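As structure tokens, the structure follows; a few thoughts come after it.
The values are calculated or read from the model by the stated rules, or taken from the named source; none is laboratory data. Keep in mind it's a predicted model, so treat the numbers as computed, not measured. In this analysis, Cβ positions are derived from the backbone assuming ideal geometry, glycine residues included, and neighbour counts consider all displayed protein chains. Protein only, heavy atoms only, side chains kept; ligands, DNA and RNA dropped before computing areas. Shrake-Rupley method; radii C 1.70, N 1.55, O 1.52, S 1.80 Å.
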Amino acid sequence: MDACIRNLDRKGNAVSGTTISRILVTGSEGQIGSELTLELRRRYGAENVVASDIRTDPKTSQGELGGPYEVMDVADPAVWREVCRKHDIDTVVHMAAILSATGEKNPLLAWQVNIDGLINALETARELELTRVLCPSSIAVFGPGCPRENTPQETTLKPTTMYGVTKVCGELLCDYYVHRFGIDARGLRYPGIISSETLPGGGTTDYAVDIYYKAIEEGCYTCFVREDTRLPMMYMPDCIKGTIDLLEADFHKLQHHGDFNIGSMSFTVGELATSIRRHVPGFEVIYAPDERQAIADSWPASLDDSAARAEWGWEPSFDLDSMTADMLEKLSKRHAEGRLYG
Ligand code: SER
């Protein structure tokens, strides 16, 4: 591994070296992790990006961009040291997490995976003097009482889900490790992420992905939140670009660390259905709100992301209609080939 040269941040704290050459991605089989792993392999070389997940049947070890893979329970501290030493890791992209809806079914599991997992990442970075840790946060850090429109970067964070609690705590931990130990930790608050490749699992915003699959498959979707539910969303290509842009940003230009708001688009389910109907005439949505409605109602409708734009040049490309056109084109093609679900 390259010698780790510690820099000083503005306050004179040591900050780990700046070389990104050997990356560990946790949660590599998840919705975002799977596509992020492939893009990082394109950029850094397949052999330099180690994928890891709790799953024993990894997709990320197959195909042209297949590469090293480790089965990893992120809540186990020993496995972190072992994997990072074995592969000479200098950078961790920590995507493993339990999302909001699953977290409400099993709050303790959410705590273990999201908090024990992150503290293990940060402690490993401190002990092994890794270059950098990126751990995403979420719009779930906000709670009722926050301004819902253009939600500011800095506001009171009182989430009502265990997922949100772990993400607030995670942001604070990242910032603490930056200031206390000079670890370069960074993170961004993902909105709902929509993608055509790997399905999301256990999130409140999953409806915004499921709806496209059902539009293609059945021409009808039963939605678990109300028609007027408006949440911030983002298409996967923007999510991957933003994540890598933040990963590669100059530490000295960052005033925030673990908690960047990133906005892209915001729409109600009704508006999403209208956008789909332009391609799938007669598409129908039935509304049957369940316990996820209360979670959605506690989150922002749109975000002020001026800090991300100013500090590391965040700029999304897709809007609702361009995303819909791309999603439906990709899914229709797979459906015609008899492999809608991959
Ligand atoms: N997509 C996540 C969820 O719904 C929010 O970050 O839980």
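Quick one: is residue 259 under 26 Å from residue 314 (Cα atoms) and either within 16 Å of the ligand (Cβ to nearest atom) or at pLDDT below 95 (or both)? So residue 259 passes the test.
Can you say whether residue 131 is surrounded by 24 or more Cβ atoms within 10 Å (Cβ to Cβ) and at pLDDT below 95, as far as the supplied structure shows? Reasoning before the result, please.
Working: surrounded by 24 or more Cβ atoms within 10 Å (Cβ to Cβ): yes; at pLDDT below 95: yes.
It is true that residue 131 is surrounded by 24 or more Cβ atoms within 10 Å (Cβ to Cβ) and at pLDDT below 95.
Consider segment 306-319 and keep the residues that are assigned to a helix (DSSP H, G or I) and free of Cβ contacts under 8 Å to residues at least 60 places away in the same chain. The one that is farthest from residue 239 (Cα to Cα) is 310.
When only residues in segment 298-314 that are more than 13 Å from the ligand (Cβ to nearest atom) and more than 16 Å from residue 254 (Cα to Cα) count, which is surrounded by the most Cβ atoms within 10 Å (Cβ to Cβ)? Talk me through it step by step, then tell me what you get.
Of the residues in segment 298-314, the ones more than 13 Å from the ligand (Cβ to nearest atom) are 301-302, 304-314.
Applying the additional criterion that residues be more than 16 Å from residue 254 (Cα to Cα) yields 301-302, 304.
Details: 301: 18, 302: 21, 304: 18.
Top of the filtered list is 302.
Kindly indicate whether residue 268 is crowded, with 20+ Cβ neighbours inside 10 Å and of a type outside the set (Asp, Glu). Spelling it out, it is not the case that residue 268 is crowded, with 20+ Cβ neighbours inside 10 Å and of a type outside the set (Asp, Glu). Of everything in segment 19-41 that is farther than 13 Å from residue 94 by Cβ and among the hydroxyl-bearing types (Ser, Thr, Tyr), the residue that is most open to solvent (accessible area, probe 1.4 Å) is 19. Residue 317 falls short of the stated requirement of being crowded, with 21+ Cβ neighbours inside 10 Å and hydroxyl-bearing (Ser, Thr, Tyr).
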